[in-house]
Amino acid sequence: MKIILLSMIFLIICMGFSTNLAYGHGLGGEMHPPRTIGDRDATLSIDVSPSTFDPNDPENFVTLKLFDSNTEGIIEHVTFILELKKDGDRIFRYMFHDELGNLNFRVISNDSENIDIQGVREPLLGGWMKENDQTLTLTGPIFSSGGLYEYKVEVLTVDSDTHILDERVVLEGAISLADVKSFELTDSQNQSHDVQIISYFDTINGFDFNLNQMSFSMPFDWNQDLEQLSVVHEEIRVPNTFGEFLSTKYTAYVNDILLPDEVVTIDDYSFDDRTVHMVINRELIKQLKEEAIKKSDSQIDFRLETSDKVQFPLEFATPDYRFKVFLSWEPETISAGEEVTFFVDFDELFSAKTKRVTEYDLTVIQNDSEIYKKHLTGNINSDVSNSHSITFEPEHIGTANLFFENIDGNSLSKGNFIIVIESPNGSQEPTVSDSEIPTWIKNNANWWAEDSIDDETFVQGIQFLIKQNILQVPNTLSQESESNDIPTWIKNNANWWADGSIDDTAFLQGIQYLIKNRIIAVN
């Protein structure tokens, strides 16, 4: 439920809290435009919950509700005929009745041949009803996969069981069970990452990953009545360990057509992964149609690429909808050992937006551990960003979570950004050659980690690496040391390197830190 709930919240925010959100199909529910029944306008809504297909959880609930379009009052004693199809094949066509006009039945999907109904029949027309307090239940091959389900609803009675309409009200549409698929990808360091693609429209297929881009396809009839459509919504969930695909900007394509920047939104609500939303609204789909069908008129080919360009600010809305938080930083690349300044803005969503001072907590979390935390004071609704500078240590290289919480003293006013801390890079950084490191150096590191040899003996080994050009240091760094205090984490690194837990590059990055910060002297 977490995925669906937060995704729906995201869509409401993106669409400006539009009351027309549920019109059209593709979001697990649909609300039809008003239809005249007798002397009033009535609206029909249909929903499936949860609106995601999970083969390990076969239970869903379907709700049909008929209500007065003006007063929103439920219309009672409604008899429906509901027909459900998938890929043009009928799943069922049954008559249902509910005294309160708010039909709710449970679906338990399995691979049996027939559908079994647990309920009672309404005596006049024979519509299926719940029995006393028991939930009306349909069990059988109903929701057997994710994707688009077409339906037709016919309204037979309203207001009383005997008030049969002279002309049935017929409503047609489609709802979607989100299709969720996982893919194991390998980055340039040969590390594996599980990426999820969640489609709120139809089943995805043909997934491919190459360097900085992902692509996948989905059935889509470009010649359908596009006025019945609301949005096509796809999500790419990237684990926060997959630093190579965590960009501040993504470029998206449909059938090889470049999409506007606003189609793609970054959502870092989870500590574990980033969700990249691709939301294509009806008007854009209509604009794309003529060019898109040149490639295919029966499917959408999606492509998402990381961009070399930096796009600021990143943003999120707090769960209590009190604030929208914006983030940027300088320099654009966050490098270990270099100071980075973060700029954050807090804008109240529903207020007079008066400028005022507030307090908040900033925490940086990496591998479930706090590597930085500070209680800060800043401005709300200000034209000037709040700024805060942090220098990350070499052992912090990798991805991390920049977590803002207790904004203005509210525990629900919080949110998260995922950042990537890079290795030191540039002309003033020591570099490592491809030469083999002698075994005795690793032995020295092990003995030093165990305090069997002193710092001076260990540093002599490092000087040997430099002399043999295995560790290359620019002349500007060849100066006297400023401090003889070698950090404890360097000794931990030496121990891990000696027993094979980390590779040569990771160990030498720590040594580079010692040289750059003048902790050891280089001749």
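Go through the stretch 123-154 and give me each residue that's among the charged types (D, E, K, R) and either touching an Asp or Glu at 6+ places or on another chain (Cβ under 7 Å) or assigned by TED's automatic domain parsing to the domain that holds I197 (or both). Steps first, answer last, please.
Applying the first criterion (among the charged types (D, E, K, R)) to the stretch 123-154 yields 130-131, 133, 150, 152, 154.
Scanning the stretch 123-154 gives a single hit, K152.
What do you reckon, is V384 β-branched (V, I, T), outside the structural domain of S247 (by TED's automatic domain parsing) and out of contact with any strand residue (DSSP E or B) (no Cβ under 6 Å at 6 or more places or on another chain)? First the steps, then the outcome.
Details: β-branched (V, I, T): yes; outside the structural domain of S247 (by TED's automatic domain parsing): yes; out of contact with any strand residue (DSSP E or B) (no Cβ under 6 Å at 6 or more places or on another chain): yes.
Judged against the criteria, V384 is a match.
Across the stretch 319-347, which residue is surrounded by the most Cβ atoms within 10 Å (Cβ to Cβ) among those that are more than 29 Å from I519 (Cβ to Cβ) and in contact with a Pro (Cβ under 6 Å, 6 or more places away or on another chain)?
The extreme case among them is L327.
Yes or no: the stretch 292-311 includes at least one residue that is crowded, with 18+ Cβ neighbours inside 10 Å, outside any strand (DSSP E or B) and not aromatic (F, W, Y).
Looking for residues that are crowded, with 18+ Cβ neighbours inside 10 Å, outside any strand (DSSP E or B) and not aromatic (F, W, Y), one finds at least one in the stretch 292-311, hence yes.
Taking into account only those residues within the stretch 164-197 that are surrounded by fewer than 13 Cβ atoms within 10 Å (Cβ to Cβ), at pLDDT 90 or above and out of contact with any Asp or Glu (no Cβ under 9 Å at 6 or more places or on another chain), which is nearest to D89 (Cα to Cα)?
Among those residues, the one meeting the criterion is E167.
So, of the residues in the stretch 30-75 that are of a type in the set (V, I, T), in a strand (DSSP E or B) and crowded, with 16+ Cβ neighbours inside 10 Å, which turns out to be farthest from the chain's Cα centre (by Cα)?
Step by step, filter the stretch 30-75, then rank; the result is I37.
Within the stretch 93-121, count every residue that is more than 38 Å from the chain's Cα centre (by Cα), modelled with pLDDT of 95 or more and not in a strand (DSSP E or B).
Residues in the stretch 93-121 being more than 38 Å from the chain's Cα centre (by Cα), modelled with pLDDT of 95 or more and not in a strand (DSSP E or B): 1 in total.
Within the stretch 486-509, does at least one residue satisfy the condition of being among the hydrophobic types (A, V, I, L, M, F, W, C), modelled with pLDDT under 80, in contact with a Leu (Cβ under 7 Å, 6 or more places away or on another chain) and part of a loop (DSSP other than H, G, I, E, B)?
Yes, the stretch 486-509 contains a residue that is among the hydrophobic types (A, V, I, L, M, F, W, C), modelled with pLDDT under 80, in contact with a Leu (Cβ under 7 Å, 6 or more places away or on another chain) and part of a loop (DSSP other than H, G, I, E, B).
Are there any pairs with C-beta distances below 7 angstrom linking a residue in the stretch 410-421 that is buried (at least 18 other Cβ atoms within 10 Å of the Cβ) to a residue that is part of a strand (DSSP E or B) and of a type in the set (D, E), with the two at least 6 apart or on different chains, and if so which?
Sorted first by the residue in the stretch 410-421, then by its partner, the pairs are K414/E405.
I'd like to check something: does the stretch 323-337 contain any residue that is in a loop (DSSP other than H, G, I, E, B) and among the hydrophobic types (A, V, I, L, M, F, W, C)? Talk me through it step by step, then tell me what you get.
Going residue by residue through the stretch 323-337, those that are in a loop (DSSP other than H, G, I, E, B) are 331-334, 336-337.
Filter again for among the hydrophobic types (A, V, I, L, M, F, W, C), leaving 334, 336.
Yes - at least one qualifying residue is present in the stretch 323-337.
Among the candidates S298, S335, which residue alone is within 24 Å of Y250 (Cα to Cα), among the hydroxyl-bearing types (S, T, Y) and touching a residue at least 40 places away in the same chain (Cβ under 8 Å)?
Numbers: S298 fails: within 24 Å of Y250 (Cα to Cα).
After ruling out the rest, the residue left standing is S335.
Would you point out the residue of the stretch 348-387, among those that are basic (K, R) and outside any strand (DSSP E or B), that is surrounded by the fewest Cβ atoms within 10 Å (Cβ to Cβ)?
In the first step, residues of the stretch 348-387 are kept if they are basic (K, R); the result is 353, 355-356, 373-374.
Next, from what is left, pick out any that are outside any strand (DSSP E or B): 353, 355.
On the way: K353: 12, K355: 10.
Filtering the stretch 348-387 for residues that are basic (K, R) and outside any strand (DSSP E or B), the one surrounded by the fewest Cβ atoms within 10 Å (Cβ to Cβ) comes out as K355.
Give me the residue from the stretch 258-273 that is over 11 Å from the mean Cα position of the chain (by Cα) and exposed (fewer than 13 other Cβ atoms within 10 Å of the Cβ) and, out of that set, nearest to F312 (Cα to Cα).
First pass over the stretch 258-273, keeping only residues over 11 Å from the mean Cα position of the chain (by Cα): 258-264.
Those still in the list that are exposed (fewer than 13 other Cβ atoms within 10 Å of the Cβ) too: 258, 260, 262.
On the way: L258: 20, P260: 16, E262: 13 Å.
Restricting to residues being over 11 Å from the mean Cα position of the chain (by Cα) and exposed (fewer than 13 other Cβ atoms within 10 Å of the Cβ), the top hit is E262.
Hey, can you tell me all the residues within the stretch 388-405 that are of a type in the set (S, T, N, Q) and buried (at least 16 other Cβ atoms within 10 Å of the Cβ)? So that I can check it myself, show each step before the final result.
The first filter runs over the stretch 388-405 and keeps only residues of a type in the set (S, T, N, Q), leaving 389, 391, 399, 401.
Those that are of a type in the set (S, T, N, Q) and buried (at least 16 other Cβ atoms within 10 Å of the Cβ): T399, N401.
Let's see how each residue does on (1) within 25 Å of the chain's Cα centre (by Cα); (2) not assigned by TED's automatic domain parsing to the domain that holds F417:
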{"position": "I285", "(1), (2)": "yes, yes"}
{"position": "K294", "(1), (2)": "no, yes"}
{"position": "D297", "(1), (2)": "no, yes"}
{"position": "T318", "(1), (2)": "yes, no"}
{"position": "K324", "(1), (2)": "yes, no"}
{"position": "F342", "(1), (2)": "yes, no"}
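Table: residues versus (1) at pLDDT below 85; (2) under 30 Å from T341 (Cα atoms).
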residue	(1), (2)
H388	no, yes
A400	no, yes
L412	no, yes
F417	no, yes
E429	yes, yes
D455	yes, no
I462	yes, no
I466	yes, no
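When the residues of the stretch 204-221 are filtered to those that are at pLDDT below 95 and surrounded by 19 or more Cβ atoms within 10 Å (Cβ to Cβ), which remaining residue is nearest to the chain's Cα centre (by Cα)?
I204
Residue by residue, here is whether (1) closer than 16 Å to D273 by Cα; (2) charged (D, E, K, R); (3) in contact (Cβ under 8 Å) with a residue 60 or more places away in the chain holds:
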residue: L171; (1), (2), (3): no, no, yes
residue: L177; (1), (2), (3): no, no, yes
residue: D194; (1), (2), (3): yes, yes, no
residue: S199; (1), (2), (3): no, no, no
residue: D208; (1), (2), (3): no, yes, no
residue: Q213; (1), (2), (3): no, no, yes
residue: M218; (1), (2), (3): no, no, yes
residue: S247; (1), (2), (3): yes, no, yes
residue: D261; (1), (2), (3): no, yes, no
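From the set of residues in the stretch 116-153 that are touching a residue at least 60 places away in the same chain (Cβ under 8 Å) and farther than 14 Å from F92 by Cβ, which is surrounded by the fewest Cβ atoms within 10 Å (Cβ to Cβ)?
S145
Checking L138 against (1) in contact with a Leu (Cβ under 9 Å, 6 or more places away or on another chain); (2) more than 15 Å from V155 (Cα to Cα); (3) among the aliphatic types (A, V, I, L, M): exactly one of these is not met. Which one?
With (1) in contact with a Leu (Cβ under 9 Å, 6 or more places away or on another chain); (2) more than 15 Å from V155 (Cα to Cα); (3) among the aliphatic types (A, V, I, L, M) applied to L138, the lone miss is (1).
The values are calculated or read from the model by the stated rules, or taken from the named source; none is laboratory data. Every value quoted in this text rests on a predicted model; they were computed, and no experiment measured them. All Cβ positions, glycine included, derive from the backbone under ideal geometry; neighbour counts span all protein chains shown.
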